[in-house]
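Student: Could you have a look at this structure, given as structure tokens, before my questions?
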Amino acid sequence: MGYRRLGVRSDHRRAMLRNMVTALLKTGKIETTQTRAKEISSIADKMITLGKKGDLTARRSALAYLTEEDVVTKLFAEVAPKYANKQSGYTRIVRIGHRRGDGAPMVQIELI
């Protein structure tokens, strides 16, 4: 198995990851569980790589995944040029403790 199921159905998982990656690129950082953050990190790196390409095909691919058009504009205009001379590793995961209800390890994922 090459991915984490995260305890939800495939359509729910896809929608959740799309929304979380969109929120990460919109605000710069979000709080979530550790396993979700690891999945979000790889997807966000792929979106930033698309932004660094900057062509029409890359923009359409980003629009197909991200849920807000203004986030795609921000990705191509502001976020991607910031990482022009960096090859990978655009996100950082910082542990912030455990969730009160079930003790799940919580982290903050942010753009470097």
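A short reminder: the numbers here are calculations on the coordinates, not readings from a lab. From a predicted model like this one, the values you see are computed outputs, not experimental measurements. As a convention, Cβ positions derive from the backbone with ideal geometry for all residues, glycine included, and neighbour counts pool all protein chains shown.
Student: What is the spin-label model distance, in nm, from residue 98 to residue 112 if the labels are put 7 Å beyond Cα along the C-beta direction?
Tutor: Computed distance between label sites residue 98 and residue 112 equals 3.0 nm.
Student: Taking only C-alpha pairs under 8 Å that are 6+ residues apart, what is the relative contact order of the chain in percent?
Tutor: 33
Student: Moving to a separate point now. Counting only other residues whose beta carbon sits under 13 Å from that of residue 86, what net charge do I get with K and R as +1, D and E as -1? If you can, show how the numbers build up before the last one.
Tutor: Numbers: positive: 52, 82, 92; negative: 45.
My count for the surroundings of residue 86 gives +2.
Student: Put +1 on the Cβ of each Lys and Arg and -1 on the Cβ of each Asp and Glu in the stretch 10-111; which of 19, 104, 66 then has its Cα farthest toward the positive end of the dipole?
Tutor: Of the candidates, 104 comes out farthest on the positive side.
Student: Return the distance in nm (one decimal) between the two label points of a simple spin-label model at residue 27 and residue 56, each offset 7 Å from Cα along Cα→Cβ.
Tutor: My value for the distance between the label points is 3.6 nm.
Student: Restricting to DSSP H runs of at least four residues, report the calculated mean residue ellipticity at 222 nm for the chain, -39500 (n - 2.57) per run over all residues, nearest 500 deg cm²/dmol. Write out the running numbers ahead of the final one.
Tutor: Values: 4 runs with 54 residues, N = 112.
Calculated mean residue ellipticity at 222 nm is -15500 deg cm²/dmol.
Student: Residue 105: net charge of surrounding residues, Cβ under 10 Å, Lys/Arg +1, Asp/Glu -1, itself excluded? Write out the running numbers ahead of the final one.
Tutor: Details: positive: 95, 99; negative: none.
So the environment of residue 105 carries a net charge of +2.
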